[in-house]
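Structure record follows, encoded as structure tokens.
The values are calculated or read from the model by the stated rules, or taken from the named source; none is laboratory data. Computed from a predicted model, the values in this text were never measured in an experiment. Positions of Cβ are generated from backbone atoms using ideal geometry, with glycine treated the same way; all protein chains shown enter the neighbour counts.
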């Protein structure tokens, strides 16, 4: 017995001796460092699972168990007490294998540069540089949004051009001036006092809010109109309109619930991202994201994320809206209620405004991953939706799809297309001539093609390229019967490769995903529907195109095989050499003799045939 097995056996014996009571366990490595902290309803049952068979363990758990040298435990009175203690201990020790969130929340300021021509910008800290700093604020998102809004409404300069009054000739104004978002002080024609007035109004807007600013501007506009100063009244009117247009745009991310957090998880290409939208007074006031390694158990990951996040954040809203199931949801609600001092609900909406907010949040999380790995947010979202629909353990980054094409059983062919990270990988496409299946039998044809493909996989999988690369998902253009016919062949070589069919409706549009026993509707998953439809259309086009090429070559070959001395092999060789039937017709006797396998009598027969027809 190896030392590793001895250690696991010893740890398992210790675990089996634990009491069947609620508690917290602390896994330690050989140096005594705590590497994982967890809670359990029954310590004996939970801890012993780590040191038995690792068949059902995730890769992260296997790595953690391989480093465990010993463990401690603390017995508590209830599962809720275990959750509270677990949160406190994780915050204290930051164990390597727990989800750890880097709390980069700090103070943020609005910076007003010195005159003349002050600029408004966001700053993470103050400095002795002669500028004025407004704040501090906790939300960087809120500061950036507010500064951007104020600069646009009051047409303040945001570029790096030098600004001065009375400069002869000045600069040519940039695009921002032409679209009404900058008064162009770079031209040298904007009076510093007039510009300072704009800045003062922008600061009032930032510090006192849009409602109070609107009331003040409305009063000043009416006073200007009474003085018959219509030019000033028009400027104020435009400013009021800009603030109101901004308010209209903000309604896109309004919530009818006064205070809530919306949290969504996206995964792909080895990464995971939790996005958080924070609403106060029904408006989106802050947003955060946290990048992690891809999580093998999203349900448990959401639970752990909520624990970590609300250990870092003081404000716990009345409603936390999530994009999927949460492990120990009721227990978490109890803990969050205690943290907030009032009732807190965790909800998972299916339809309506809240579901749309969750989808928006998930799309933003997908976009974060896309930026990390060089994909688009749309592709990341689509692949994550496919993973959820099919309940796959990992995001299907490498997808193969197959289709059969023939005309009444003649010239049967198959096509394989590959999509990697949601995009066609055309250099991996393959075409197959059906060799053994007869009479247009689609099921037998599909079995033949997948047998050939999986034999190549078995022979070359160590290369991890071409047919040696393991697909994350295999799709078939067909229904349940196709899946039932092919799945046993694929699983004979690798039982972990998932196989599904793509079913079309009466109008030849993708309708559902077929299993061997039923179907999964996909119309509610917009991004997944778009991706799967594109894959099915691509494989169908590829199969049809190859079949037409084969039919055309077959008909041309038939035209040549009627000539004495020309069989199928020589006919194909002629077409390869000259490219078409017309090319063969125009070839000289000497050119025909250059074709591989051609004899002089056969070449002369070809010339006589075309000269007499």
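Here are some notes:
- Matching residues, region 300-320, being assigned to a helix (DSSP H, G or I) and over 13 Å from residue 277 (Cα atoms): 300, 301, 302, 303, 304, 305, 306, 307, 308, 310, 311, 312
- Taking the criterion of being modelled with pLDDT of 75 or more and in contact with a helix residue (DSSP H, G or I) (Cβ under 9 Å, 6 or more places away or on another chain), the residues of region 212-225 that qualify are 218, 220, 221, 222, 223, 224, 225.
- Output for region 421-466, where each listed residue is at pLDDT below 90, surrounded by 15 or more Cβ atoms within 10 Å (Cβ to Cβ) and more than 30 Å from residue 269 (Cβ to Cβ): 434, 437, 440, 441, 442
- Test: residue in region 354-363 that is in the same structural domain as residue 310 (by TED's automatic domain parsing), without any contact (Cβ under 8 Å) to a residue 24 or more places away in the chain, surrounded by fewer than 19 Cβ atoms within 10 Å (Cβ to Cβ) and not in a helix (DSSP H, G or I): no
- Qualifying residue in region 2-23 (condition: touching a residue at least 12 places away in the same chain (Cβ under 8 Å), part of a strand (DSSP E or B) and surrounded by 20 or more Cβ atoms within 10 Å (Cβ to Cβ)): yes
- Of the numbered criteria (1) at pLDDT below 90; (2) under 24 Å from residue 394 (Cα atoms), the one residue 472 fails is (1).
- Taking the numbered list (1) at pLDDT 80 or above; (2) assigned to a helix (DSSP H, G or I) in turn, residue 277 passes all entries but (2).
- Looking across region 282-299 at every residue that is in contact with a helix residue (DSSP H, G or I) (Cβ under 7 Å, 6 or more places away or on another chain) and assigned to a loop (DSSP other than H, G, I, E, B), the one that is surrounded by the most Cβ atoms within 10 Å (Cβ to Cβ) is identified as 295.
- Some residue of region 109-122 being farther than 30 Å from residue 201 by Cβ and surrounded by fewer than 17 Cβ atoms within 10 Å (Cβ to Cβ): no
- When restricted to residues that are closer than 22 Å to residue 81 by Cβ and either in contact with a strand residue (DSSP E or B) (Cβ under 7 Å, 6 or more places away or on another chain) or assigned to a loop (DSSP other than H, G, I, E, B) (or both), region 321-335 contains 6.
- Subset tally (residues that are under 40 Å from the mean Cα position of the chain (by Cα) and at pLDDT below 80) for region 226-270: 22
- For region 386-402, residues that are crowded, with 24+ Cβ neighbours inside 10 Å and assigned to a helix (DSSP H, G or I) total 1.
- Here 560, 581, 574, 589 are screened, and the one residue that is within 24 Å of residue 411 (Cα to Cα) and modelled with pLDDT of 80 or more is 574.
- Within region 525-538, not a single residue is buried (at least 16 other Cβ atoms within 10 Å of the Cβ), modelled with pLDDT of 90 or more and part of a loop (DSSP other than H, G, I, E, B).
- When the test is whether a residue is at pLDDT below 90, in contact with a helix residue (DSSP H, G or I) (Cβ under 6 Å, 6 or more places away or on another chain), crowded, with 17+ Cβ neighbours inside 10 Å and more than 21 Å from residue 446 (Cα to Cα), residue 514 does not pass it.
- Qualifying residue in region 7-21 (condition: in contact with a helix residue (DSSP H, G or I) (Cβ under 8 Å, 6 or more places away or on another chain) and closer than 20 Å to residue 304 by Cβ): no
- If you go through region 189-211 and keep only what is farther than 16 Å from residue 111 by Cα, modelled with pLDDT of 80 or more and surrounded by 13 or more Cβ atoms within 10 Å (Cβ to Cβ), you end up with 189, 190, 192, 195.
- In the set 410, 405, only one residue is assigned by TED's automatic domain parsing to the domain that holds residue 492 and surrounded by fewer than 21 Cβ atoms within 10 Å (Cβ to Cβ); that residue is 410.
- Count - residues of region 426-447 that are in contact with a strand residue (DSSP E or B) (Cβ under 6 Å, 6 or more places away or on another chain) and in a loop (DSSP other than H, G, I, E, B): 3
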